[in-house]
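What follows is a single structure, written as structure tokens, with notes after it.
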2 protein chains.
Amino acid sequence: MTVEIDHVGSTRLANRESREHVVNKSHADFRGEGLAAVLTGDGELAEGQIWEAAAFAAHYNLDNLTVICDINRLGQSDPTMYQHDMERYRLKWESEGFATQVINGHDVAAVLAALDKAKATKGKPQAILAETIKGHGFSEVADKMGWHGKPFSKDQLAAAIEELGGGPTVPPDPGKSYIRTSLPKPPDFPPAPAPDYKADAKVATREAYGFGLKRVGAVNKHVVAISGDVKNSTFSEIFQDAYPDHFYQGFIAEQNLVSTAVGLAARGKVPFADTFACFLSRAYDNVRMAAISRANINLCGSHCGVSIGEDGPSQMALEDIAMFRAVHGSEVFYPSDAISTERLTEHMARRAGINYLRTSRPKMPILYSKDEKFPVPGFKVLRQSAQDKATVIGAGVTLHEALKAADQLKSQGTAIRVIDLYCVKPLDGKALAEQIKATGGRLITAEDHWPEGGLGEAVLTALAGEGASPTKFKLIAVTKMPHSGKPEELIEAFGISAKHIVEAVKAIS
Amino acid sequence: MTVEIDHVGSTRLANRESREHVVNKSHADFRGEGLAAVLTGDGELAEGQIWEAAAFAAHYNLDNLTVICDINRLGQSDPTMYQHDMERYRLKWESEGFATQVINGHDVAAVLAALDKAKATKGKPQAILAETIKGHGFSEVADKMGWHGKPFSKDQLAAAIEELGGGPTVPPDPGKSYIRTSLPKPPDFPPAPAPDYKADAKVATREAYGFGLKRVGAVNKHVVAISGDVKNSTFSEIFQDAYPDHFYQGFIAEQNLVSTAVGLAARGKVPFADTFACFLSRAYDNVRMAAISRANINLCGSHCGVSIGEDGPSQMALEDIAMFRAVHGSEVFYPSDAISTERLTEHMARRAGINYLRTSRPKMPILYSKDEKFPVPGFKVLRQSAQDKATVIGAGVTLHEALKAADQLKSQGTAIRVIDLYCVKPLDGKALAEQIKATGGRLITAEDHWPEGGLGEAVLTALAGEGASPTKFKLIAVTKMPHSGKPEELIEAFGISAKHIVEAVKAIS
């Protein structure tokens, strides 16, 4: 079940200090036209996302939504939790704020009457709870376990049709119905205004995301943002401050957060959904299904890696690159300064498919001029000379550690090449291969992520695809379970600091 | 919120045809001793998993569970959905089957009385809904947004202590409290009986998982299984048939499924939780947190890849290897026949940490004798000669396609080496490097998975770590979004069949 909302509108209290935002629920005209109907089975009503969506729909007063629950008592492998306890279902939906009707789902007149009543009811979303019998009308299987997903034999089919009093005439399948059309492109828009930072500013990429979103919002009225109750950490709050009617509070319900973004995209919006990167792991199935549904959604995961510091491992995303790389048609961005963050945010708003931006908590120096371009695929070579002994590829905090390592090594007479891999997927293997070849095939990758499925493996695969595997290689990543600490302590303790990069360069040179 | 259940017990109706199992809810003595208390905030009550767990706890009549909800009205970034609407919370918990008490959470006597009453109430789990003020007792912050997770200044701390009438004396932190102890080992048990299949049998690995679980259950009474309403597809039903009191129905609620396994492990059980591999993507945060919690859990994901056939892409796991490799301390198994599946299932029951078994839907030939050992890390060389032109590494359906490719190439005079990579993590890079070196550095990996983070990248990384990258390499994987079809059609259409392996061998030889 995915609740699709359009603008619900929001206004903010003037009291800035308390930052208490109030959603204006009376803006029903913003929630989309027409009726929305959702059909669910009863087995899937055990799924938590159903109740995330139900609460969300009632909170935003989506009274044009009607959920029809087919309560047939039988799951795939056992009876459902509540079987035909219709009262239990009524209580559950009413507790969420839905108006309910319990009907006999085999009584067509009752179904039609319930739909009419739901259509006429205002002020609440609707749930029609239809009591049914699985396999109704064919006594051999009716109300019996063991038939879920099983095709009938020819004899059974004939017997079923006879018992049902004849079947409808179904036209033959023309075939090829599975051919997929290409993704719709998000609406075009003029270039966003250039980012604006002082050259010596230190800005967290998570904060630059908020500024970038605001700049994109200035030139593209279709851009909307939704946050999982962390807008003051992910900084989508900056966008909300500028465009309060284009921002939604998604609360702590990440599955519904991502599915709502899919719904917004289906309605022609350009949605950006954000939460801590680690919490997007709750919505991985929703991201997977968004790709299958050819949705155009933009996701921002903040607080990646051990560099978040004190909040500890439960808040550290160390698997998000692996997760988002393994999504069909995704692009994965990992910026290291505010300028690139803003430009990649703009790129995402233009692109069809699943786009993921990994942002970092620590403040980091500006690396680029405001007019720098960030092509996709692409990377930036930040240090290079004809004497480079090795290439070091990093992103986020590890890129800044690599730059420190380059400075230290330079003072000792060793030159290295340093690459900012702002785009982790897709990769230009050929262009990367040229860089690695120029440094004798010696490569070090460094990432604030587990070793598996991350930046290092992405680079290795791209190089191997070009027949240009490194001759000497070291993958620097987090390999032990981290704990709480100061960011710089953790970067050191968990093996991804400048010191470790220097050691790796010496080991492979 | 994780509900930890122990044996709830179950009995089965004699009617085998209907396969309708009934849980005996009266076996309260199986659900664990003592009281279980869960403290939740109100912001997190928007999270669907809370309601998966609530429904589950009520269904299994865990009346020794008391949930205490701190309803303080304010989320991190906005007021919560229901703020102080205590009646709404009462309705929600009661609709799930909980007995509720609404209290003033600042009235210590009321809190104690509510806990006493909860302890004395039988027949239902309990929810104590405590209305509180965030920052209660310090007027500068009480009931105000903007203070979530923010430390006070020294002056504020002094003012708060003064207004609260003095603070408690806290002993100084002895430090080093974060040092993690090693994982507890699951209980030891005697060797499981050897698998028993006819040499010419064709058995799906998903089915062999059920047989393996049954054999391990015969020698280890701590083994329990829980399924997300798919036990008749994942075949944990075979275990249930043998040990009905050691099996739980988890319903369609994957987050709670995995967290229940964590709870069972915490109670000394050796839990195996199963669902379709793609649906485990719903529980990725729970797996991540299980690793952080140093839990010992075994997960089985069935129906991997395009080889499932007709059910279409929503049911095809193409990202699960990437997902599970990027879990700290995990082991990832991908067996290609029934014997190895059973042996790896036994290995999992002995091992601490997160263990993942990827099983396949198609029936496949037996490859090994019943006494074959499957060390971890490890792999099997199934075809080899001194003339091998390339190494092909596969698992599951792609291994069988590689064997077909080897036969086809042999008839054309070309020999290849074929490796069964039953253990995808950890990998013995050195041993793999020797194999690749013996075939001139030419390597093909083939997997029923997206290219990212899977078997191919795992192998590449292991080889690069040994300074033994392939000289010529081709990664065969699913690169287009699949659709429905017959398994053999899809293997062909999506590029992972024997034909594609033959072409790759010719291209790199």
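List the helices (runs of 4 or more DSSP H) inside the stretch B:319-419, counting only whole elements, that have at least 3 residues being open to solvent by 10 Å² or more (accessible area, probe 1.4 Å) and either of a type outside the set (Val, Ile, Thr) or touching an Asp or Glu at 6+ places or on another chain (Cβ under 9 Å) (or both).
B:338-350, B:397-411
Identify the single condition in (1) away from chain A (no Cβ under 12 Å); (2) open to solvent by 30 Å² or more (accessible area, probe 1.4 Å) that B:VAL505 does not satisfy, given that it satisfies every other one.
Failing condition for B:VAL505: (2).
Can you find even one residue in the stretch B:61-79 that is at the interface with chain A (Cβ under 7 Å from one of its Cβ atoms) and basic (Lys, Arg)?
no
Identify, from the list A:PHE239, A:PHE189, the residue that is crowded, with 24+ Cβ neighbours inside 10 Å, in contact (Cβ under 8 Å) with a residue 12 or more places away in the chain and of a type in the set (Phe, Trp, Tyr).
A:PHE239
Every residue, every condition in (1) closer than 16 Å to A:GLY453 by Cβ; (2) facing chain B (nearest Cβ under 8 Å); (3) in contact with a Ser or Thr (Cβ under 6 Å, 6 or more places away or on another chain); (4) among the charged types (D, E, K, R), yes or no:
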| site | (1), (2), (3), (4) |
| --- | --- |
| A:ALA273 | no, no, no, no |
| A:MET289 | no, yes, no, no |
| A:ILE297 | no, no, no, no |
| A:GLY301 | yes, no, no, no |
| A:PRO313 | no, yes, no, no |
| A:ASP320 | yes, no, no, yes |
| A:SER336 | no, no, no, no |
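Checking the structure you have, find out if any residue of the stretch B:349-357 is within 14 Å of B:LEU399 (Cα to Cα), among the charged types (D, E, K, R) and in contact (Cβ under 8 Å) with a residue 24 or more places away in the chain.
no
Within the stretch A:117-139, which residues are at pLDDT 95 or above and either part of a strand (DSSP E or B) or polar (S, T, N, Q) (or both)?
Listed by number, the residues that qualify are A:GLN126, A:ALA127, A:ILE128, A:LEU129, A:ALA130, A:GLU131, A:THR132, A:SER139.
Only residues that are under 28 Å from A:HIS303 (Cβ atoms) and out of contact with any helix residue (DSSP H, G or I) (no Cβ under 8 Å at 6 or more places or on another chain): list them for the stretch A:405-451, please.
A:ALA406, A:ASP407, A:PRO426
The conditions are (1) more than 20 Å from A:LEU62 (Cβ to Cβ); (2) in a helix (DSSP H, G or I), and A:LYS221 fails exactly one of them. Which is it?
A:LYS221 satisfies every listed condition except (2).
Tell me yes or no: at least one residue of the stretch A:316-323 is of a type outside the set (A, V, I, L, M, F, W, C) and more than 13 Å from the chain's Cα centre (by Cα).
Yes, the stretch A:316-323 has at least one match.
Give me the residue from the stretch B:94-116 that is closer than 23 Å to B:PHE56 by Cβ and among the charged types (D, E, K, R) and, out of that set, most open to solvent (accessible area, probe 1.4 Å).
B:GLU94
Okay, residues lined up against (1) more than 11 Å from every other protein chain (Cβ to nearest Cβ); (2) closer than 20 Å to B:ARG361 by Cα; (3) among the small types (Gly, Ala, Ser):
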{"site": "B:ILE416", "(1), (2), (3)": "yes, no, no"}
{"site": "B:LEU475", "(1), (2), (3)": "no, no, no"}
{"site": "B:THR479", "(1), (2), (3)": "no, no, no"}
{"site": "B:GLY495", "(1), (2), (3)": "yes, yes, yes"}
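Which one of B:ALA160, B:ALA142 is part of a loop (DSSP other than H, G, I, E, B) and without any contact (Cβ under 8 Å) to a residue 60 or more places away in the chain?
B:ALA142
Looking at (1) in a helix (DSSP H, G or I); (2) modelled with pLDDT under 95; (3) not acidic (Asp, Glu), find the lone condition where A:VAL505 falls short.
Every listed condition holds for A:VAL505 apart from (2).
So B:ARG90 passes all but one of these: (1) of a type outside the set (S, T, N, Q); (2) away from every other protein chain (no Cβ under 12 Å); (3) surrounded by fewer than 22 Cβ atoms within 10 Å (Cβ to Cβ). Which condition number does it fail?
Looking at each condition in turn, B:ARG90 falls short on (2).
Which of the residues belonging to the stretch A:208-225 are surrounded by fewer than 21 Cβ atoms within 10 Å (Cβ to Cβ) and without any contact (Cβ under 8 Å) to a residue 40 or more places away in the chain?
A:ALA218, A:VAL219, A:LYS221
Among the residues of the stretch A:231-250, how many are in contact with a Ser or Thr (Cβ under 7 Å, 6 or more places away or on another chain) and more than 10 Å from every other protein chain (Cβ to nearest Cβ)?
3
Looking at the stretch A:126-145 only, could you name the residues that are open to solvent by less than 20 Å² (accessible area, probe 1.4 Å) and within 14 Å of another protein chain (Cβ to nearest Cβ)?
Selection gives A:ALA127, A:LEU129, A:VAL141, A:MET145.
Applying the selection to the stretch A:251-265, what residues are of a type outside the set (Gly, Ala, Ser), within 14 Å of chain B (Cβ to nearest Cβ) and open to solvent by less than 10 Å² (accessible area, probe 1.4 Å)? Step through it out loud before you land on a result.
Residues of the stretch A:251-265 of a type outside the set (Gly, Ala, Ser): A:251-252, A:254-258, A:260, A:262, A:264.
Next, only the ones that are within 14 Å of chain B (Cβ to nearest Cβ) stay: A:251-252, A:254-258, A:260, A:262.
Within the stretch A:251-265, A:GLU254, A:GLN255, A:ASN256, A:LEU257, A:VAL258, A:THR260 qualify.
Out of the residues in the stretch B:433-454 that are closer than 11 Å to B:VAL392 by Cβ and away from chain A (no Cβ under 12 Å), state the one that is surrounded by the fewest Cβ atoms within 10 Å (Cβ to Cβ).
B:GLN435
I want to confirm something. Restricting to the stretch A:62-116 and keeping residues that are among the charged types (D, E, K, R) and part of a loop (DSSP other than H, G, I, E, B), which single residue is modelled with the lowest pLDDT?
Here the answer is A:ASP63.
Kindly list the number of the only condition in (1) within 14 Å of chain A (Cβ to nearest Cβ); (2) within 30 Å of A:GLY312 (Cα to Cα); (3) open to solvent by less than 10 Å² (accessible area, probe 1.4 Å) that fails for B:GLY228.
Just one mismatch for B:GLY228, condition (2).
Given the options B:ALA338, B:ALA352, name the one that is under 26 Å from A:GLU319 (Cβ atoms) and aliphatic (A, V, I, L, M).
On the way: B:ALA338 fails: under 26 Å from A:GLU319 (Cβ atoms).
Every option except B:ALA352 fails the conditions.
Restricting the search to the stretch A:469-485, which residues are farther than 21 Å from A:GLY309 by Cα and either open to solvent by 30 Å² or more (accessible area, probe 1.4 Å) or in a strand (DSSP E or B) (or both)?
Selection gives A:THR471, A:LYS472, A:PHE473, A:LYS474, A:LEU475.
How about the stretch B:322-334: which of its residues are hydrophobic (A, V, I, L, M, F, W, C) and more than 14 Å from chain A (Cβ to nearest Cβ)?
Selection gives B:PHE333 alone.
So A:GLU457 fits all but one of (1) assigned to a loop (DSSP other than H, G, I, E, B); (2) open to solvent by less than 10 Å² (accessible area, probe 1.4 Å); what number is the exception?
In the conditions (1) assigned to a loop (DSSP other than H, G, I, E, B); (2) open to solvent by less than 10 Å² (accessible area, probe 1.4 Å), A:GLU457 misses (1) alone.
The values are calculated or read from the model by the stated rules, or taken from the named source; none is laboratory data. Quick caveat, the model's predicted, so the values are computed rather than measured. Cβ sites come from the backbone with ideal geometry, for glycine too, and all protein chains shown count toward neighbours. Remember, those area values only see protein heavy atoms, side chains included, never the ligands or the DNA or RNA. Shrake-Rupley method; radii C 1.70, N 1.55, O 1.52, S 1.80 Å.
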